[in-house]
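Reading through the structure tokens given below for one structure.
The values are calculated or read from the model by the stated rules, or taken from the named source; none is laboratory data. Note that the structure is a prediction, hence the values are computed from the model and not measured. Only protein heavy atoms, including side chains, enter the accessible area calculation; ligands, DNA and RNA are left aside. Shrake-Rupley method; radii C 1.70, N 1.55, O 1.52, S 1.80 Å.
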Amino acid sequence: MQTFSRHDLTDLFRSLAERMAAEQSYLAELDGEIGDADHGVAMAGGFAAAARALGEAGEADQTLAQGLTLAASSLHNAVGATTGPLYASALLRAASALGAETQVPQSRLPEVIVAMAEGIATRGQGKPGDKTMVDAWAPAAHAARAGLQAGQPATEVLAAAARAAADGAQATRAMMASRGRAARLGPRSVGHLDPGAVSAAALLDSLAHWARRRAEGSRP
């Protein structure tokens, strides 16, 4: 049985940070259309800070909950505005879901998606259709729950969640923003992708690919 350990958490966050760095310019471009163009910098900086903190903290005897809590505080301190508190809440909810374990079966990774989506929705009081990151996280969580209930392999569940998030992010183009900075644009926000949903989809895609590479690397 493949497990997910505190060491794996650090490795995962490094992958997430690399993906956000690669997406930084694109996210800035999207945010410049309906926001203040800082979303790419915020996501790249926040996840880089979290990955760095996890790597520097050391992993011996540290639980997954402690690691996720450290990632949450580091990301929150590095990112202002709305994004930092939302992702900090998401990671704290994930910490509660995994509990005081130093490692868990990798089959539980989809639970992290569900927990993070709940944390974001609770903190931001958002709902699908508002043209926010919830439009990616909510369908991803729905796919994760369905896969868990069906007993599907974690890699398949994570891939399905990533696809659902990508579809949700693309759907924001037709929406009129009702929350966040873009809401002030009213009908003019229609026709633009929500950068928060796009970055969420990229994170979930990175998670799915990380899990797939790890699973394939462990095969004899």
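Annotations for the structure displayed:
- Translational diffusion of the stretch 47-155, µm² s⁻¹ [Kirkwood Rh, Cα pairs; Stokes-Einstein; 20 °C; 1.002 mPa s]: 148 µm²/s
- Accessible area of the chain belonging to carbon and sulfur atoms, whole % at 1.4 Å probe: 51 percent
- 0 to 90° range, to nearest 10: angle between helix 39-57 axis and the chain longest Cα axis: 20 degrees
- Relative to its residue count, the stretch 4-59 spans a Cα convex hull of 60 Å³ per residue.
- Convex hull per residue volume in Å³, alpha carbons only, for the chain: 103 Å³
- Euclidean distance between Cα centres, the stretch 1-75 to the stretch 91-155, Å: 16 Å
- Solvent-accessible surface of the stretch 17-95, averaged per residue with a 1.4 angstrom probe and all protein chains in place: 41 square angstrom.
- Quotient of Cα Rg and 2.2 N^0.38 Å for the stretch 103-207, N being how many residues it contains: 1.09
- Largest first and in whole Å, the equivalent-ellipsoid semi-axes of the stretch 174-220 read 37, 8, 5, each the square root of five times a Cα gyration tensor eigenvalue.
- Shape analysis of the stretch 28-91 based on the Cα gyration tensor places the equivalent ellipsoid semi-axes at 26, 11, 7 Å, largest first.
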